[in-house]
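Novice: So that we are looking at the same thing, I have put the structure below in structure tokens.
The values are calculated or read from the model by the stated rules, or taken from the named source; none is laboratory data. Since we're looking at a predicted model, the values are computed, not measured. Positions of Cβ are backbone-derived with ideal geometry, glycine not excepted, and every protein chain shown enters the neighbour counts. SASA here: full protein model, heavy atoms, side chains in, ligands and nucleic acids out. Shrake-Rupley method; radii C 1.70, N 1.55, O 1.52, S 1.80 Å.
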Amino acid sequence: MSEAIAPPVGDYVPVPRLREGAMRDVKSFKASANHQSALGFPETLVNDWRERAVQRLGELVEGSRALRVYLDSCVKCGACTDKCHYFLGTGDPRNMPVARQDLLRRVYRRYFTWAGRWLPWLVGATDLTEDVLDAWYTYYHQCSQCRRCSVFCPLGIDTAEISMAAREILDCVGVGQKYCNEIIGKVHKIGNNLGLPEPALRNTLDGLEEDVRDQTGVDVRFPLDVVGAEVLLITPSADFFAEPHIDGLIGYAKVFHQAGISWTLSSEASEAANFAMFIGSYAQMVKVAQRVRAAALALGVKRIVVGECGHAWRVAYAFWGTLIGPLDFLDPRYPRPQHICEVTEGLIARGALKLDPSANDDKIVTFHDSCNVARATRMGDRPGGQLAIPRAVIRSVCAHFVDMDPATIGDRTFCCGGGGGLLTDDLLALRVQGALPRMQALTAAVAEHQVTHMAAICAICKSQFSKVLPYYGLPRDMVVSVHQLVGDAIVLGAKE
Amino acid sequence: MTVETVIYAGLLYVAFVVLVGGLVYRVTLYALTPAPLRIPTMPAPRTRRGIAARMAREIMLFASLFRGDKWAWIWSYLFHMSLLLVLLQHLRYVLVPVPAWVRIISPWGSDAAFVLVVALAGLLGRRLLIARVRFITAPSDYLMLVLLLVIAVTGTLMRFVDRVNIVGFKAFILGVMALKLHALPFAPLIMVHVALVAALMLIFPFSKLLHAPGILFSPTRNQVDNSRLEAQGVGEPREVAAPVAAPQVSPRQL
Ligand code: SF4
Ligand code: SF4
């Protein structure tokens, strides 16, 4: 692991010079035998890895129209080459989205296309060698699957689909990534990414109830496993104790309390994250998502609300219907599932919450669009609601809001640098450098508008920023949960 | 009947069969391959009609490319549009009688040929000069541009420098189409032109030229944003309600 050094922020120099091999040695730790076997993957590199990898690639292509079309269609126009934050931050040409795709595409062409079989040198097809497998491991774990590149591709080629497929192939031949596979194992065994067992969770929630009571004098509940509650809240486990996440959880609780909505968390499904998406494993994704359905049925809830988590909202919004649907046992009068920001915005819009934005008068806030929310989901009824609704919520609880450079927000938002299963210290060098484009935009906003806080609605974004902000000379507590702002502005008990 | 006549007729038949057969095969594969998960790049339209508009913007205006890279857009847009005009103009060599609209656009088609050459030179120049693009370029990417460039240049030369026996050539083409061979007039320019066009047709279904049908099947662009049952019971119901699968299921079994 190389040392993490923040590149100079500079003024917007959007495209770095190519530095070939710059990130070749930045690799995340590989999964150990027990991490692998817990998910049913081979424990170590299998002997016939080449055959198995090619076979798995073939199966994946047959099962995914996206993969098939995207492996065929790239015209090498280069429009995506300067769109990836990891390329912009590192200059390694293998981090250009098309070059990343080509690592897999070259092998696909070699084994599955006529041209690659007979004229490999002409079409840039390569045999699957150990070096190639190694490059896959390295560079497909330098992609946060943020899909920024796909926005600008004339064919809509989605590098995330390709990097997910590559990780699935790697898992199937026994070369998994420790960070993701260990976490998915914990979800199966204990119920959440952090490995927080039920008693500890209950303790934490009781502690939170006390804290809020001490601070506000109001009995805001943090219910767990309450049968018959109206809402099941599925939230990333970081919300249970890490800063700044936990203030977001307090915010959700205050919203539910104030709106008089009965809600509960579940110890069975005490985790919104579904890291199986990152490793491209459909089977694991179903298994992890299944817990939510089971918990909702067991608790007899009418609604499922998802807390502030980017990829979890993607899985819930876009994939649950396929993975664990239909969710027809839920109340059809509400979106199934619903995002916490939709809940809060709806309540604010009909005046169900009394708010005092002056509680946030000490802050000038900007908002970081999380890639999975911005580019893979929606909130509300209108296209783009996923961008408008969180901003509407912030504006109603906070008098001073500014946006960052428009080229770095909305569907063009830059990844925080830690998404897609890369939020691990073994990849710190990559995370710090990959945060560069966001840090440039934030630094500019600080200089121009004296921004003091950046709100986010994703646990990964929040953790990543807390870690990398200091590298760029910014305070780590600059990043806040949107629902922290909400929670601070809510006037409790004022509704009668 | 000359040897060239037979060779060229044979070449055109083979090229045609490979092009059509290859494309039908590929497109069928695209259509039959499942797309179990919703992955539209958001914000995406919520209706079929909206998707039609999105696809039209992509296909007719290259909207995403425009957002992504202005120079690439300029060269590529000029290339595709001039190619379209030139192809339409070529209808006059295969249709009897020549429809009025083909006559009308014919002069534009000839002008477009110049634009075509310039645009191809621009695309090639980009590929050679920009380090990022050079890095991702395989020999076949250069070759394809050179092939197109030679086709365009020979075509232009025939029309403006060395006028060839186009009447005799049209008779040959009509003969090929009617399965009754007419002699191919001997003219090196046109023979090079046609041979390379046949080569392009042969390459099409095996290369990145598949992006043409590919874009129609691109899930990030052609999927409707309807993966959630809408509030208040309004809006479209879900299209897919895949069975709740046992854990060890892979997407291809769905
Ligand atoms: S923008 Fe799309 S077509 Fe162009 S090089 Fe990148 S992936 Fe290929
Ligand atoms: S998905 Fe994001 S991280 Fe991956 S190549 Fe594209 S821009 Fe880079």
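Novice: Take A:L205 and tell me if it is part of a helix (DSSP H, G or I) and farther than 21 Å from A:K354 by Cβ. Let's see the steps before the verdict.
Specialist: Details: part of a helix (DSSP H, G or I): yes; farther than 21 Å from A:K354 by Cβ: yes.
So A:L205 passes the test.
Novice: Output the residues belonging to the stretch A:447-488 that are of a type in the set (S, T, N, Q), open to solvent by 10 Å² or more (accessible area, probe 1.4 Å) and over 13 Å from A:A435 (Cβ atoms).
Specialist: Answer for the stretch A:447-488, where residues must be of a type in the set (S, T, N, Q), open to solvent by 10 Å² or more (accessible area, probe 1.4 Å) and over 13 Å from A:A435 (Cβ atoms): A:Q450, A:T452, A:Q484.
Novice: Counting only residues that are surrounded by fewer than 22 Cβ atoms within 10 Å (Cβ to Cβ) and polar (S, T, N, Q), how many does the stretch A:52-81 have?
Specialist: 1
Novice: Given the structure, is A:V75 more than 16 Å from ligand 2 (Cβ to nearest atom), of a type in the set (A, V, I, L, M), outside any helix (DSSP H, G or I) and within 8 Å of another protein chain (Cβ to nearest Cβ)?
Specialist: Yes.
Novice: State whether the residues of the stretch A:311-329 include one that is of a type in the set (F, W, Y), surrounded by fewer than 24 Cβ atoms within 10 Å (Cβ to Cβ) and farther than 24 Å from A:A456 by Cβ.
Specialist: yes
Novice: Another one. Which one is nearest to A:Q440 (Cα to Cα), of the residues in the stretch A:94-111 that are touching a Lys or Arg at 6+ places or on another chain (Cβ under 9 Å) and near ligand 1 (Cβ under 7 Å from one of its atoms)?
Specialist: A:P97
Novice: For the stretch A:30-51, which positions are open to solvent by less than 70 Å² (accessible area, probe 1.4 Å), part of a loop (DSSP other than H, G, I, E, B) and within 22 Å of A:G421 (Cα to Cα)?
Specialist: Matches in the stretch A:30-51: A:A31, A:S32, A:L39, A:G40, A:F41, A:P42.
Novice: Would the stretch A:80-93 turn up any residue that is within 16 Å of ligand 1 (Cβ to nearest atom), of a type in the set (K, R), within 23 Å of A:R314 (Cβ to Cβ) and more than 9 Å from chain B (Cβ to nearest Cβ)?
Specialist: no
Novice: Can you confirm whether B:L88 is away from chain A (no Cβ under 14 Å) and either surrounded by 15 or more Cβ atoms within 10 Å (Cβ to Cβ) or in contact with a Gly (Cβ under 6 Å, 6 or more places away or on another chain) (or both)?
Specialist: Spelling it out, B:L88 is indeed away from chain A (no Cβ under 14 Å) and either surrounded by 15 or more Cβ atoms within 10 Å (Cβ to Cβ) or in contact with a Gly (Cβ under 6 Å, 6 or more places away or on another chain) (or both).
Novice: Looking only at the stretch A:290-334, which residues are within 13 Å of the chain's Cα centre (by Cα) and basic (K, R)?
Specialist: If the condition is that a residue be within 13 Å of the chain's Cα centre (by Cα) and basic (K, R), then A:R314 is the only one that fits.
Novice: Being more than 15 Å from ligand 1 (Cβ to nearest atom) and assigned to a helix (DSSP H, G or I) is the filter; apply it to the stretch A:140-164 and report the residue that is farthest from the chain's Cα centre (by Cα).
Specialist: At the first step, the residues of the stretch A:140-164 found to be more than 15 Å from ligand 1 (Cβ to nearest atom) are A:140-142, A:144, A:164.
Filter again for assigned to a helix (DSSP H, G or I), leaving A:140, A:164.
Numbers: A:Y140: 16, A:M164: 14 Å.
Filtering the stretch A:140-164 for residues that are more than 15 Å from ligand 1 (Cβ to nearest atom) and assigned to a helix (DSSP H, G or I), the one farthest from the chain's Cα centre (by Cα) comes out as A:Y140.
Novice: Exactly one condition in (1) more than 10 Å from chain A (Cβ to nearest Cβ); (2) within 30 Å of B:R126 (Cα to Cα); (3) open to solvent by less than 30 Å² (accessible area, probe 1.4 Å) is not met by B:V98; state its number.
Specialist: The single condition B:V98 does not satisfy is (2).
Novice: Additional query: Determine which member of the set A:R110, A:R117, A:R106, A:R100 is of a type in the set (D, E, K, R), more than 7 Å from every other protein chain (Cβ to nearest Cβ) and in contact (Cβ under 8 Å) with a residue 40 or more places away in the chain.
Specialist: A:R100
Novice: For the stretch A:271-305, how many residues meet the condition of being out of contact with any Lys or Arg (no Cβ under 9 Å at 6 or more places or on another chain) and closer than 30 Å to A:G217 by Cβ?
Specialist: 3
Novice: What number of residues within the stretch A:362-379 are open to solvent by 10 Å² or more (accessible area, probe 1.4 Å) and either part of a strand (DSSP E or B) or at pLDDT below 95 (or both)? Walk me through how you get there before you give the answer.
Specialist: Pass one, the stretch A:362-379, residues open to solvent by 10 Å² or more (accessible area, probe 1.4 Å): A:362-364, A:371-372.
Among the residues that remain, those that are also either part of a strand (DSSP E or B) or at pLDDT below 95 (or both) are: none.
Result for the stretch A:362-379: 0.
Novice: Ok, one more. Only one of these is under 16 Å from B:L216 (Cβ atoms) and crowded, with 16+ Cβ neighbours inside 10 Å: B:A35, B:A52, B:A31, B:A15. Name it.
Specialist: Step by step, each of B:A35, B:A52, B:A31, B:A15 is checked, and only B:A35 is under 16 Å from B:L216 (Cβ atoms) and crowded, with 16+ Cβ neighbours inside 10 Å.
Novice: Let me ask something else. More than 16 Å from ligand 1 (Cβ to nearest atom), within 26 Å of A:A295 (Cβ to Cβ) and not charged (D, E, K, R) - does that describe any residue in the stretch A:167-178?
Specialist: Looking through the stretch A:167-178, none of the residues is more than 16 Å from ligand 1 (Cβ to nearest atom), within 26 Å of A:A295 (Cβ to Cβ) and not charged (D, E, K, R).
Novice: Moving on to the next point. Taking into account only those residues within the stretch A:395-431 that are part of a helix (DSSP H, G or I) and closer than 20 Å to A:Q484 by Cβ, which is most open to solvent (accessible area, probe 1.4 Å)?
Specialist: The extreme case among them is A:R395.
Each row is one residue, and each column tells you yes or no for (1) among the small types (G, A, S); (2) modelled with pLDDT of 95 or more.
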residue: A:E168; (1), (2): no, yes
residue: A:G176; (1), (2): yes, yes
residue: A:H188; (1), (2): no, no
residue: A:G191; (1), (2): yes, no
residue: A:L194; (1), (2): no, no
residue: A:L205; (1), (2): no, yes
residue: A:L208; (1), (2): no, yes
residue: A:R213; (1), (2): no, yes
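Novice: Out of (1) over 17 Å from the mean Cα position of the chain (by Cα); (2) of a type in the set (S, T, Y); (3) surrounded by fewer than 18 Cβ atoms within 10 Å (Cβ to Cβ); (4) modelled with pLDDT of 95 or more, what's the single condition that is false for B:S64?
Specialist: Every condition holds for B:S64 apart from (3).
Novice: Before we move on, is A:K287 open to solvent by 20 Å² or more (accessible area, probe 1.4 Å) and touching a Pro at 6+ places or on another chain (Cβ under 8 Å)?
Specialist: Values: open to solvent by 20 Å² or more (accessible area, probe 1.4 Å): yes; touching a Pro at 6+ places or on another chain (Cβ under 8 Å): yes.
Criteria met by A:K287.
Novice: State yes or no: is B:Y142 free of Cβ contacts under 8 Å to residues at least 60 places away in the same chain and not hydrophobic (A, V, I, L, M, F, W, C)?
Specialist: In short, yes.
Novice: Of the residues that make up the stretch A:228-249, is at least one open to solvent by less than 20 Å² (accessible area, probe 1.4 Å), under 30 Å from A:S37 (Cβ atoms), in contact with a helix residue (DSSP H, G or I) (Cβ under 8 Å, 6 or more places away or on another chain) and within 14 Å of chain B (Cβ to nearest Cβ)?
Specialist: No.
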